[in-house]
Amino acid sequence: MLQITDLTFAFGQHLIYDGLNATFQTGRITGIVGKNGVGKTTLFRILSSIYQNQGGNITLNGQKLDRLHLTFMPAEPYFYPFMKGKEYLQIVANNDDELTFSMQIASALDLPLNELVDNYSTGMRKKLAFAGHFALQKSIIILDEPYNGVDLESNEVIKHIIKTQSQQKIVILSSHILSTITDICDDVYYFTENRVVSRFESTQFDSLQRSIEQSMGEKLRLLDIKG
């Protein structure tokens, strides 16, 4: 279990978290949703030690979280120039089992591994990064916008892989499209602009939809144009 307790973080005078609490269970897929700027990616960067939390505790099974226990796929993955897809997977993998699994995922996603990544589309790059990160034997897998730019069929393949291969992992993912979250997640944290964080189980996803619609109430009314 990944436990976040009383997390605080700010950029200068701009407070992002003021006592954030969240729990992520092994074998469950958890979504993070909310508008741009509410701190979704910031949380991922704190968990992966890109940013240091300024207060509170983050533990994995009761022990301080070690960065080595997780992998983080950013929304815009970086690739070295003049690298082939297969070479990327070889660099990311720590052992033969991880490499084999990553290549199986890449094959399911129809990736041309002998071509230069420089020639890949945005969606192909996202699929390659997913294949490399998800195959790692880590306790925690964090995926920031894994579906963005990916074609419909590949989205379904990615969802299937996450659903069927997450039994011993904590999977945390974000998306700007609510249905891609509710289709796959066991629970969801909804981050709002006023730093309120609400948790919804899968049986409460209708309530999550209503909460989002309520927060958008005025904007939705403006779109209700009468002819």
task = Mind checking which strands (runs of 3 or more DSSP E) fall wholly inside segment 1-50 and carry at least 2 residues that are farther than 26 Å from PHE205 by Cβ?
result = 2-11, 14-24
key: Extreme residue, nearest to LEU208 (Cα to Cα), among residues of segment 40-64 that are of a type in the set (Gly, Ala, Ser) and out of contact with any helix residue (DSSP H, G or I) (no Cβ under 9 Å at 6 or more places or on another chain)   = GLY56
key: Pairs, first of a type in the set (Gly, Ala, Ser) in segment 115-130, second not in a helix (DSSP H, G or I), C-beta under 7 Å, six or more apart   = GLY123/GLY149; GLY123/VAL150; GLY123/ASP151; ALA129/MET73; ALA129/PRO77
task = Could you identify the single residue in SER107, SER102 that is at pLDDT 95 or above, surrounded by fewer than 17 Cβ atoms within 10 Å (Cβ to Cβ), among the hydroxyl-bearing types (Ser, Thr, Tyr) and outside any loop (DSSP other than H, G, I, E, B)?
result = SER107
ask   = Can LYS138 be described as touching a helix residue (DSSP H, G or I) at 6+ places or on another chain (Cβ under 9 Å) and of a type in the set (Lys, Arg)?
value = yes
ask   = Does any residue in segment 145-163 that is closer than 22 Å to ARG45 by Cβ and without any contact (Cβ under 8 Å) to a residue 24 or more places away in the chain come within less than 9 Å, Cβ to Cβ, of a residue that is part of a helix (DSSP H, G or I) and of a type in the set (D, E, K, R) six or more places away or on a different chain, and which pairs are these?
value = none
note = The number of residues in segment 152-175 that are under 14 Å from LYS138 (Cα atoms) and among the hydroxyl-bearing types (Ser, Thr, Tyr) is 1
query = For ASP118, are the conditions met, namely being over 14 Å from the mean Cα position of the chain (by Cα) and surrounded by fewer than 23 Cβ atoms within 10 Å (Cβ to Cβ)?
reply = yes
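The values are calculated or read from the model by the stated rules, or taken from the named source; none is laboratory data. These figures come from a predicted structure and were not determined experimentally. Don't worry about glycine lacking a Cβ; one is built from the backbone with ideal geometry, like all the others, and counts go over all protein chains shown.
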